[in-house]
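Working notes, beginning with the structure itself.
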Amino acid sequence: MYTFKQAFDKITEAYIKGDIQPYHVDFCFCGTLASRRGISWDTSIYSFAQLSAMEFALLEEIRAQTMGGPDMYFRTGNGISRESVFNHPRYEQALFDGMVKALDVLRKIHISRGEDVEAFEFKKRELSFS
């Protein structure tokens, strides 16, 4: 079982390295914390409901900032696709904002377990284009 600090550090490292890939089941926020065993999640660390709450916080913010309305997640017929989300001019900010929200859900999960959780500061990564 992770402490909040351990989970926070693991997520932050993946974010900085560019390993957080929303919509990719193995490399999304929760895929970084709870790897998949076969077709199911490792729920020994976080329950499926907890994983879903964290993932929803991340994806809902990305969706809101890049695609608009709530039904646009999986729609591809109108030119909206994962690629259009990732190439959206607000994607990097949306990813950061979603990460902040998902980390807050993670923090609340750890607090609900009785863990004494210190405040966290999540910093936006600096992308360099070569």
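One table, with the values for the structure above:
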{"item": "Zero-based 10 Å bins, Cα pair distances in segment 80-130, whole percents", "result": "21, 37, 26, 14, 1"}
{"item": "Rounded to whole Hz, the Karplus (6.51, -1.76, 1.60) HN-Hα couplings of segment 4-12, x for glycine and proline", "result": "4, 4, 5, 5, 4, 5, 5, 5, 4"}
{"item": "Burial ordering of Tyr23, Tyr46, fewest other beta-carbon atoms within 10 Å first", "result": "Tyr23, Tyr46"}
{"item": "Gained length - Arg125 relative to Asp26, 0.36 nm times residue gap less alpha-carbon distance", "result": "33.5 nm"}
{"item": "Footprinting exposure proxy for Val25, Val85 (fewest neighbouring C-beta atoms within 10 Å first)", "result": "Val25, Val85"}
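Just so you know, all these numbers are worked out from the coordinates, no wet-lab data involved. Please read all numbers here as calculations on a predicted model, not as lab measurements. Virtual Cβ from ideal backbone geometry, glycine too; neighbours counted across all protein chains shown.
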